[in-house]
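These notes are about the structure you will find just below.
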Amino acid sequence: MKQKLFEARHRALWASIEQSLAAKSPASDFPERYRTLCHTLALARQRGYSPSLIERLNQLALAAHRLLYGAPGQRELVLTRWLRRDFPRLVRAEWRLVLLSLGLFLLTAGLVALAVWLQRDYAYSFANPYELAGYETMYTDGQERFGQRTADSDIMMFGFYIWNNVSICFRVFAGGVLFGIGSLFFLAFNGVHFGLIATWLTLNPATRENFWSFVIGHAALELTGLILAAAAGLKLGAALLRPGRLTRRASLRQAADHIVPMLIGAAVMTFLAAFIEAFWSARADVPPLGKYIAGGLLWSAVLYYFLLAGRGRA
């Protein structure tokens, strides 16, 4: 290949690297462009292009290397970048699947809630009387006041909530390998369960306030984590249903590489929800109004984070 053609083919790459060097703020694809630059430098040397071109590429590669690997204190940590930009951007990029998951959850929860509200006996079609009575006992003030636990009990419940919440997320996500049907099933099941229990306890004056003041504190993180895990599972199902020119295995692997960070974010959110659920939601010394205010602030923070975080930089 003649040198002029070689320069014309790679001029845009070299110019983009020079812009990143001038801005001193490499984008996420800078390592890939740096590797391509090193490849062009090696080709220029091998083919015996002009010393001026080789010297230019060599200086460019040295400067890019210093920007990429030098001064680690000036570079943003991977975890910080993921929390501030990559995670909310990924959720917004998959907004269709997120809205589909949210819609299915709200639809199933709403239909069951409406049925039980209109005819209380419909609740026995979804749960047995013993289970419903157990929930009533759990949220009723009695000789041992609701929410009055020892520190050891809080820690034990924290472990239980972690196992329960995170395992639900992973089951919903893993159901995606069944062409998305598993994710839809587990999401709908959780919607039915929530609609049933919420309505059943709301109809009972003795449990209404205790239930909602307990749930509001951690619902923003727990429900959002569930929705995101379901959306991640549906992404796997879509990759299997529409692999394009790839094999289904390759399509599934590609989709997993893209969407697993969303699952990790969902797991982190449900972990934090478990912490709040164990050490805050069940506290009897906090008035319900305080829990409602804290829960409303947390919902606002979650919505703000996923709608606006990471929009400031390209």
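The values are calculated or read from the model by the stated rules, or taken from the named source; none is laboratory data. Everything numeric in this text was worked out from a predicted model, so none of it was measured. All Cβ positions, even for glycine, are placed from backbone atoms using ideal geometry, and neighbour counts span all protein chains on display.
Would it be correct to say that I293 is crowded, with 20+ Cβ neighbours inside 10 Å and in a helix (DSSP H, G or I)?
Numbers: crowded, with 20+ Cβ neighbours inside 10 Å: no; in a helix (DSSP H, G or I): yes.
No: the conditions fail for I293.
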(Q) Among the numbered criteria (1) under 12 Å from L228 (Cβ atoms); (2) assigned to a loop (DSSP other than H, G, I, E, B), which one does A127 miss? (A) (1)
Q) Among (1) touching a helix residue (DSSP H, G or I) at 6+ places or on another chain (Cβ under 7 Å); (2) closer than 22 Å to V78 by Cβ; (3) without any contact (Cβ under 8 Å) to a residue 40 or more places away in the chain, which single condition is A27 missing? A) (3)
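Table: residues versus (1) surrounded by 11 or more Cβ atoms within 10 Å (Cβ to Cβ); (2) polar (S, T, N, Q).
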| position | (1), (2) |
| --- | --- |
| A8 | no, no |
| R11 | no, no |
| A15 | no, no |
| E18 | yes, no |
| A23 | no, no |
| L37 | yes, no |
| T40 | yes, yes |
| L43 | yes, no |
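Can you confirm whether A273 is modelled with pLDDT under 95, part of a helix (DSSP H, G or I) and within 22 Å of Y135 (Cβ to Cβ)? Full working, then the answer.
Working: modelled with pLDDT under 95: yes; part of a helix (DSSP H, G or I): yes; within 22 Å of Y135 (Cβ to Cβ): yes.
Yes: the conditions hold for A273.
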(Q) Checking S183 against (1) outside the structural domain of T270 (by TED's automatic domain parsing); (2) at pLDDT 90 or above, only one condition comes out false. Which one? (A) (1)
Q: Report yes if L21 is in a helix (DSSP H, G or I), out of contact with any strand residue (DSSP E or B) (no Cβ under 6 Å at 6 or more places or on another chain) and in contact (Cβ under 8 Å) with a residue 24 or more places away in the chain, otherwise no.
A: yes
Q: Output the qualifying pairs, or none if there are none: Cβ atoms under 8 angstrom, residues six or more apart or on different chains, first residue in the stretch 146-169 and within 20 Å of Y135 (Cβ to Cβ), second residue at pLDDT 70 or above and basic (K, R).
A: G147/R283
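Could you tell me whether A64 is at pLDDT below 90, surrounded by 17 or more Cβ atoms within 10 Å (Cβ to Cβ) and aliphatic (A, V, I, L, M)? Reasoning before the result, please.
On the way: at pLDDT below 90: yes; surrounded by 17 or more Cβ atoms within 10 Å (Cβ to Cβ): yes; aliphatic (A, V, I, L, M): yes.
Yes.
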**Q.** Selection status of A220, crowded, with 19+ Cβ neighbours inside 10 Å and in contact with a Cys (Cβ under 9 Å, 6 or more places away or on another chain)
**A.** no
Q) So which of A267, A230 ends up being touching a Gly at 6+ places or on another chain (Cβ under 9 Å), at pLDDT 95 or above and within 17 Å of V172 (Cα to Cα)? A) A230
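So which of G195, G176, G159 ends up being under 14 Å from F105 (Cα atoms) and assigned to a helix (DSSP H, G or I)? Spell out the reasoning first.
Details: G176 fails: under 14 Å from F105 (Cα atoms); G159 fails: under 14 Å from F105 (Cα atoms).
Checking each option against the conditions leaves just G195.
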(Q) Looking at the stretch 200-217, I want the residues that are under 19 Å from F126 (Cα atoms) and have a partner that is not in a helix (DSSP H, G or I) with Cβ atoms under 7 Å, at least 6 apart or on another chain. Which pairs are those? (A) L201/Y139
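Mind checking whether some residue in the stretch 72-85 is over 24 Å from P261 (Cβ atoms), out of contact with any Asp or Glu (no Cβ under 6 Å at 6 or more places or on another chain), in a helix (DSSP H, G or I) and modelled with pLDDT under 95? Explain how you work it out, then say what you get.
Just the residues of the stretch 72-85 that are over 24 Å from P261 (Cβ atoms), to begin with: 73-74.
Now narrow it down to the ones that are out of contact with any Asp or Glu (no Cβ under 6 Å at 6 or more places or on another chain): 73-74.
So of that shortlist, the ones also in a helix (DSSP H, G or I) come out as 73-74.
Subset that is modelled with pLDDT under 95: 73-74.
Scanning the stretch 72-85 turns up at least one residue that is over 24 Å from P261 (Cβ atoms), out of contact with any Asp or Glu (no Cβ under 6 Å at 6 or more places or on another chain), in a helix (DSSP H, G or I) and modelled with pLDDT under 95.
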